[in-house]
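Student: I'd like to ask you about the structure that follows.
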Amino acid sequence: MANSPLVSWAPNAEDVVLWRALGHRTPGYFVDVGACHPVDDSITKLFSLEGWRGINIEPQPYLVEMLHADRPNDVNLGVGIGDEPGELELFVVEQDQQRTTFSPSLAQGYREQGRWVTTRTVPVMTLNQILAQHPLPRIDFLKIDAEGFEDKVIAGIDLQLHRPTVILAEQGTHQHYEFPATLEAAGYLPMVFDGVNRFFLAEEAADEIGDRLSYPACALDHWVPREVHRLQQHIADMERSESWRIGQAIVRPARKVRDLMSARRHRGETSTS
């Protein structure tokens, strides 16, 4: 990876920032709350490709099936996460399932926008329960994308017993959040805000990686979006193809003739002026 651009799979290059801060710990461990698709707009796909392992939590069954297929070495759980175990109504936004939420107020707002929202009951666990059942050697980062339910998710983890080095949580502008104050009280430092997510750093890791979490993804990280990388690969594959080589064998002599004729015309115009 050192000699080629870092490929970002995340929607806002969150994985680039996390890799800058934590990549040196490879192989590492993560917990992904609201994992959604294992590839498209995935914050953890980069890490999975680099040999990291983790716990992916996603309440939508078809996405859990995809996670099982793409991440067979991870723990993939089809549950919701909250501040206490039980069951909750999941509000599924059919036209844009990444907006699916446990928040009744957000769901009502989507309905008022004319979106089609369906509901179903899903089991809910706390992060304390999950980490007790599926312990990790350590948690390098905890990512939370719970669509307005972040406060409840964080209320369900003991941050003295389970101590992620970095916590990345979506902090939208559609509501007031309590979790930033909760994290600061637990000894987490608010770091860079990328316009969508806030990065928090355990204070004991500030000397190690604090500087690396002080700014969003930029050119210094030597990265490209997944879509650009895919296009680059397509062009490279095309240039290696036999049809491309044959085409170039035909085109190159024609270009040489064109350049020669252009040079002669230029000399003729110069001599008569």
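Student: Give the calculated FRET efficiency between GLN175 and HIS24 to the nearest 0.05, with a Förster radius of 30 Å applied to their Cβ-Cβ distance. Could you put the intermediate results ahead of the total?
Tutor: Numbers: r = 36 Å, r/R0 = 1.19.
Here the calculated transfer efficiency is 0.25.
Student: Specify the inter-centroid distance of segment 71-90 and segment 32-54, based on alpha-carbon positions, in whole Å.
Tutor: 16
Student: On to the next question. What does the net charge come to around VAL117 if you take all other residues with beta carbon closer than 14 Å to its beta carbon, with K and R at +1 and D and E at -1?
Tutor: Local charge sum for VAL117: -1.
Student: Which peptide among 4-14, 101-111 comes first, and what is the full order, when sorted by highest mean count of other Cβ atoms within 10 Å?
Tutor: Numbers: 4-14: 19.5, 101-111: 17.5.
So the peptides 4-14, 101-111, ranked by packing, come out 4-14, 101-111.
Student: Which of GLY187, SER262, ALA169 sits farthest toward the positive end of the charge dipole of the chain, with +1 on the Cβ of Lys and Arg and -1 on the Cβ of Asp and Glu?
Tutor: Going by the Cα projections, it comes out as SER262.
Student: Give me the dipole magnitude in Debye, nearest 20, for segment 42-156 about the Cα centre, with unit charges on the beta carbon: positive for Lys and Arg, negative for Asp and Glu.
Tutor: Here the size comes out at about 160 debye.
Student: Given the Cα-Cα distance of GLN97 and ASP70 and 0.36 nm per residue of separation, how much length would full extension add, in nm? All intermediate terms of the calculation are to be shown ahead of the outcome.
Tutor: On the way: separation 27, 0.36 × 27 = 9.72 nm, distance 1.94 nm.
Full extension of this stretch gives 7.8 nm more.
Student: Continuing with the same structure: When the accessible area of the chain is computed with all protein chains present and a 1.4 Å probe, what percentage of it is carbon and sulfur? Mind showing how you got there, number by number?
Tutor: Details: 7610 of 14330 Å².
Heavy-atom surface of the chain belonging to carbon and sulfur, 1.4 Å probe: 53 percent.
Student: Per residue, how much accessible area does the chain have with a 1.4 Å probe, in Å²? Let's see the in-between values first.
Tutor: Values: 14330 Å² over 273 residues.
Per residue, the chain has 52 Å² of solvent-accessible surface.
Student: Report the far tail of the P(r) of the chain, meaning the percent of Cα-Cα pairs longer than 32 Å. Intermediate values should be presented prior to the final figure.
Tutor: On the way: 12931 of 37128 pairs.
Counting pairs separated by more than 32 Å, the tail of P(r) holds 35 percent.
Student: Net charge within 14 Å of THR26 by Cβ-Cβ distance, Lys/Arg positive one each and Asp/Glu negative one each, not counting THR26 itself?
Tutor: Spelling it out: positives minus negatives among the neighbours equals +1.
Student: Report the extension gain between GLN129 and TYR215 in nm, rounded to one decimal, defined as 0.36 nm multiplied by the number of residues separating them, less their alpha carbon distance. Let's see the in-between values first.
Tutor: Working: separation 86, 0.36 × 86 = 30.96 nm, distance 3.35 nm.
Between GLN129 and TYR215, full extension yields an extra 27.6 nm.
Student: Still on this model: May I ask for the net charge around PRO180, where only other residues with Cβ less than 14 Å from the Cβ of PRO180 are counted and Lys, Arg are +1 while Asp, Glu are -1?
Tutor: -4
Student: Okay, helix-only estimate at 222 nm for the chain: each DSSP H run of n ≥ 4 adds -39500 (n - 2.57), divide by all residues, round to 500 deg cm²/dmol; what do you get?
Tutor: About -11000 deg cm²/dmol.
Student: Here's another thing I want to ask about it. Rounding to the nearest 20 debye, state how big the charge dipole of segment 10-85 is about its Cα centre with +1 on each Lys and Arg Cβ and -1 on each Asp and Glu Cβ.
Tutor: With Lys and Arg at +1 and Asp and Glu at -1, about 360 debye.
Student: Same structure again: Based on Cβ point charges of +1 for Lys and Arg and -1 for Asp and Glu, what charge dipole magnitude is obtained for the chain about its Cα centre, in debye rounded to the nearest 20?
Tutor: Rounded to the nearest 20 debye, it is 2040 debye.
Student: Can you find, among ILE209, LEU63, PRO253, the residue farthest towards the positive end of the dipole of the chain? Put +1 on the C-beta of Lys and Arg, -1 on that of Asp and Glu.
Tutor: Farthest along the dipole direction, towards plus: PRO253.
The values are calculated or read from the model by the stated rules, or taken from the named source; none is laboratory data. Bear in mind the structure is a predicted one, so any value in this text is a computation, not a measurement. Using ideal geometry, Cβ is built from the backbone for each residue, glycine included, and neighbour counts are taken over all protein chains shown. The protein model used for the area step is the full one, side chains on, heavy atoms only, and it has no ligands, DNA or RNA in it. Shrake-Rupley method; radii C 1.70, N 1.55, O 1.52, S 1.80 Å.
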